[in-house]
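> Please read through the structure below; I'll follow up with questions.
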């Protein structure tokens, strides 16, 4: 069969050109969305009297059969038919006859593919909000079980101040909460209908774009036909948000890798999420977080790739834009794999509370509290900072920690010290002294968990609502 667009041509397309320009190898991912958009489009054509009712019903029946074949993986897509749109149209024509060729009335592949991607991506975004919600839930549950677990807090990867392990975990809950907010906000720009823009200028047929938008549950339509077919901001925005999500996962991955090492022994990942060595039988490798850390660069690359494709691209549609899909598909697949594994990996993680406590007892992360103690006695902070610096240096030289010092040893650095310093230096006191909103004190962390659980409930409602809208 000749090309559906072949009337103007006198030669067959070179086989190498067909192979090089075809997109069916990857855009077949959009098959269900393509049929979904076509059903709404042909329904509108019938409503507007552009196609006879009998033709509309034949085409719709044929499209439903094509959709069932797609779901059964019963269609052999052909490079000769270039892309998912031409493959589905040819399959439809083979099923219902030449009337299937009327489906393309009033539209172009340019606005058709844009519609497919909007339909496809809006569903993925809701799914990712749901996955992040599950990860947040796992982190919150671990935090609730570690409200009395104290761990060294770090800056510059040097022990800084003791904090609740729950507080550390809740930092990631906050990060993933921002990720959810970004995805939810991006839905507004994804859920815009380009169909009806034609190739670039609209169409001469009296179509009803707003009716199609209603059929497909889009909130609005593109205001400008040129923008409708050339806009890929919604994909760039998704790839940007995905890059930030993967960055957050990568940071947590790095900490899990460190914490599960022999040097730290703060946590142990469940065997189900680790692998062994082919030569060293004692090994238990944190392969999942390592691979997530590595795949983060892959997601970054997809963002930069599409930014580069779109750079200096004139309006409206250009074949360059065929490069918009593979990176999007790859990012979705990469992030799906990471998030599906992360929530159960966190949920099953064992926390070595005693090892964390020993680490806190063998460092100088309570030094700031001594300075604050002296400030409370009237000493200027800068002077107190110097006093405690000399005290810590003395401890290092004497192979001691601050709680090991006698009161006389303290007093050689300042006469303001008294025996209350020993209570001030206790890890629980150090943690709970920071009883400010957002701080690490137990009451503040409990409040943070409460707020997080309320937000989780709201997210759950949002996911249910928007999954229903995208069906």
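> So if I check each of 375, 430, 463, which one is assigned to a helix (DSSP H, G or I) and under 30 Å from residue 215 (Cα atoms)? Spell out the reasoning first.
Values: 375 fails: under 30 Å from residue 215 (Cα atoms); 430 fails: under 30 Å from residue 215 (Cα atoms).
Result: 463 is the single residue among 375, 430, 463 that is assigned to a helix (DSSP H, G or I) and under 30 Å from residue 215 (Cα atoms).
> Within the stretch 31-47, can you find the residues that are within 22 Å of residue 329 (Cα to Cα) and without any contact (Cβ under 8 Å) to a residue 60 or more places away in the chain?
Here is the first cut: in the stretch 31-47, the residues within 22 Å of residue 329 (Cα to Cα) are 31-38.
Once the filter is applied, which keeps residues that are within 22 Å of residue 329 (Cα to Cα) and without any contact (Cβ under 8 Å) to a residue 60 or more places away in the chain, the stretch 31-47 yields 31, 32, 35.
> Still on this structure: Quick check on my filter: what residues within the stretch 241-274 are without any contact (Cβ under 8 Å) to a residue 40 or more places away in the chain and exposed (fewer than 14 other Cβ atoms within 10 Å of the Cβ)?
261, 262, 263, 271
> Report yes if residue 359 is within 43 Å of the chain's Cα centre (by Cα), touching a residue at least 40 places away in the same chain (Cβ under 8 Å), under 30 Å from residue 122 (Cβ atoms) and assigned to a helix (DSSP H, G or I), otherwise no.
On the way: within 43 Å of the chain's Cα centre (by Cα): yes; touching a residue at least 40 places away in the same chain (Cβ under 8 Å): yes; under 30 Å from residue 122 (Cβ atoms): no; assigned to a helix (DSSP H, G or I): yes.
Answer is no for this residue.
> If you go through the stretch 384-400 one residue at a time, do you hit one that is at pLDDT below 95, surrounded by 14 or more Cβ atoms within 10 Å (Cβ to Cβ), part of a helix (DSSP H, G or I) and within 37 Å of the chain's Cα centre (by Cα)?
Within the stretch 384-400, not a single residue is at pLDDT below 95, surrounded by 14 or more Cβ atoms within 10 Å (Cβ to Cβ), part of a helix (DSSP H, G or I) and within 37 Å of the chain's Cα centre (by Cα).
> Is it fair to say residue 172 is in contact with a strand residue (DSSP E or B) (Cβ under 7 Å, 6 or more places away or on another chain) and crowded, with 18+ Cβ neighbours inside 10 Å?
On the way: in contact with a strand residue (DSSP E or B) (Cβ under 7 Å, 6 or more places away or on another chain): no; crowded, with 18+ Cβ neighbours inside 10 Å: yes.
No: the conditions fail for residue 172.
> Take the stretch 88-100 and flag every residue that is part of a helix (DSSP H, G or I) and more than 16 Å from residue 35 (Cβ to Cβ). Write out each step before concluding.
The first filter runs over the stretch 88-100 and keeps only residues part of a helix (DSSP H, G or I), leaving 88-96, 98-100.
If the condition is that a residue be part of a helix (DSSP H, G or I) and more than 16 Å from residue 35 (Cβ to Cβ), then 98, 99 are the ones that fit.
> Is it true that some residue in the stretch 441-459 is on the phi > 0 side of the Ramachandran plot and modelled with pLDDT of 95 or more?
We begin by selecting, within the stretch 441-459, every residue on the phi > 0 side of the Ramachandran plot; these are none.
No, every residue in the stretch 441-459 fails to be on the phi > 0 side of the Ramachandran plot and modelled with pLDDT of 95 or more.
> Given the condition in contact with a helix residue (DSSP H, G or I) (Cβ under 8 Å, 6 or more places away or on another chain), under 30 Å from residue 369 (Cβ atoms), touching a residue at least 24 places away in the same chain (Cβ under 8 Å) and assigned by TED's automatic domain parsing to the domain that holds residue 350, answer yes or no: does some residue in the stretch 118-140 qualify?
yes
> Scanning for something at pLDDT below 95, closer than 20 Å to residue 317 by Cα, in contact with a helix residue (DSSP H, G or I) (Cβ under 6 Å, 6 or more places away or on another chain) and not in a helix (DSSP H, G or I), does the stretch 55-76 turn up at least one residue?
no
> Sticking with this structure for a sec: Based on this model, can you work out whether residue 238 counts as surrounded by 14 or more Cβ atoms within 10 Å (Cβ to Cβ) and not in a helix (DSSP H, G or I)? Talk me through it step by step, then tell me what you get.
Numbers: surrounded by 14 or more Cβ atoms within 10 Å (Cβ to Cβ): yes; not in a helix (DSSP H, G or I): no.
Answer is no for this residue.
The values are calculated or read from the model by the stated rules, or taken from the named source; none is laboratory data. Bear in mind the structure is a predicted one, so any value in this text is a computation, not a measurement. Backbone-built Cβ (ideal geometry, glycine too); neighbour counts: all protein chains shown.
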